[in-house]
Structure formats: C-alpha cells, structure tokens
Amino acid sequence: MPNATTRADAARAVIFSPLEGAGRAELVEQRLTDAIVAGVLRDGERLPSEADLAKFLGVAPVTAREALVALRHKGLVRTRRGRDGGSFVTYDRDASTRMLEERVRALSRIELRDLSLHYAAIAGMAAEVAADRASDDDVQSLVEIDARADLATPGGARRAVGRFQLEVAAISQSPRLVHEELRLQAEAGALLWLCLRDQEYRDRSRESRLEVIDAIRAADSTSARVATTAHIGSAVEWLIDEKVRLEAASDSPIARHEGSSP
C-alpha cells in the first residue's frame, strides 16, 4: 500500500498534470487554489516556474502567468525576485475559508449534487472492488489509518478521510481509480468535506470508516459501496444546507449594510 510520501508525491503529480479541455487561466487558477486550500500544496512551498507550470499543465506560458497573477491577488501566492526567487504558496486559513464559502455560494444545488454523484461513483466503485480483492494485510492498513485519525480538528479529519479513501482505491488495484480519487481530492476535497468543521460530522466520518472496514473484511462489496456513497451523500447534503445559510446571511440587512459601507 502507498505510504505517506508516495501519496504526497502522487497528489502533486495529479495537480501538475495536463488539464482536460481548453487551457484557460481560470482552470489553472482553480486547480492550484483547490490544491492550496486542501493543503496538498503547503505554506511556503515553491511552485514550478511559469514555463514549467505551463509545460506540466499543457497550457501556454501566458496562461500560467495570468493564473499566477490571479493567485497573487487572492493572497495565495507571493513572488520573490532574485537568484532564490520564484512563486511561493502563502496559505492563510481565514482567507481560504472565505474562498471556500464563496465557491459554495457560486455553485448551484445541481452542481453540488453532480459533484456528489461523480465522487460517489469513483469512491463507491473503489470500495466495492476493494472488498473483493483485499487481503488481511490490506484490511489491517485500513484499521491503522483509522487508528491514527485526528478527529480533534477539521484539517486532521479531512486528511484522515483522504488517506482512507486513497488506501481503499489502492486496494482495488486499479491505477485509474487511484488517479481519479487523487484528482478529486486535489480539486474538490476541501469543498466536499467542509462538513468536517462540525464535530458531529467528524464523528460520523469515523463511523463510516468502521462500516467500510467491516464490509471489506467480510468481502461484502455491496455494503462497502453503500457505506462509502452514503458518507459522501451526507457531506453534500450538509454543503447544500450551508449554501442556504450563507445565502441567507449575505441577504440579511446587516450584511447588505456592511457591504455598502466605504
């Protein structure tokens, strides 16, 4: 099974892989933003040069440059000149929270549910196949990931979910499922698992892991898939409720007054 270093390297490989479709600056910006907010690209980390970034993502150098300019305006990247210069990640927790909330408001309920369907299709299939292929050592690796999970903080809980689901995908022995799980974690994990800011959902995430472990141990592919997809569905329902709350807050008289203040 992949160790922590392998997982980190694989996640970065996905982030710096060619974009699908037209290589617009907005797509480059969104991919890097999601990776920074999710913690895959860490505070202080040096990004590839504009030329290398363009080559890795399959876009024009001017497109990479525009994306980096946008990230600097967001406060997620700073650029330093000189021999030791370059573009460096500047992670700010409060700014990241605001950006995630803006993204929740910007996405429609249909888009959020479509995200749920996509993620559930990948993770659910990985769990189903893993239940058929897992060895005793594989099950033990899942038990150990759960035992090491830090449920005291949202970030710790999110990392535990990501590590567990990636391990399940690895147990499925499908490189495509592993790659897609990594891609979804890098691009949507921070958004999807916003619910883990609530202790109730952090506790639920552990209950879900234990259900999946039991199902894989019993070679019960149906139960493994159902437990996985139910966990994702619950997270998206929380996101939709959060979207309603954020929209109501932005429409309140106090919020409108603050927005109009100089």
In degrees rounded to 10, the 0-90 angle between helix 136-147 Cα long axis and the longest Cα principal axis of the chain is 50 degrees
Between the residues L192, P48, G124, the Cα farthest towards the positive end of the dipole of the chain, that dipole coming from +1 and -1 charges on the beta-carbon of Lys, Arg, Asp and Glu, is from P48
Note on region 108-246: C-alpha Rg/Rh, Kirkwood Rh, two decimals, gives 0.95
Cα-based Rg then Dmax for the chain, in Å, read 19.3, 63
S223 neighbourhood, Cβ < 14 Å, K/R = +1, D/E = -1, net charge -3
Ordered by number, the trypsin sites (Lys or Arg not before Pro) in region 61-153 that occupy a DSSP loop and have at most 16 other Cβ atoms within 10 Å are R81, R83, R148
Assertion target for T229, T79, ordered by fewest C-beta neighbours within 10 angstrom first, is T79, T229
The exposure ranking of W193, W238, fewest beta-carbon neighbours within 10 Å first, is W238, W193
If amide H atoms are modeled at 1.01 Å from N in the peptide plane, then the residues at a separation of 5 or more from E45, or on another chain, having amide H under 5 Å from its own are V89
A correct Karplus calculation of ³J(HN,Hα) over region 228-239, with 6.51 cos²θ - 1.76 cosθ + 1.60, θ = phi - 60°, whole Hz and x for Gly and Pro, returns 5, 5, 5, 4, 5, x, 5, 5, 6, 4, 5, 4
Lys and Arg at +1, Asp and Glu at -1: neighbours of R72 with Cβ under 12 Å from its Cβ sum to +2
Helix-only [θ] at 222 nm, the chain, -39500 (n - 2.57) per DSSP H run of 4+, per residue, nearest 500, equals -24000 deg cm²/dmol
Whole-number value, in Å³ per residue, for the convex hull of the alpha carbons of region 48-169 is 186 Å³
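Every number in this text was worked out from the coordinates using simple rules, so none of it is lab data. Keep in mind it's a predicted model, so treat the numbers as computed, not measured. Every residue, glycine among them, receives a Cβ derived from its backbone with ideal geometry; neighbour counts consider all protein chains shown.
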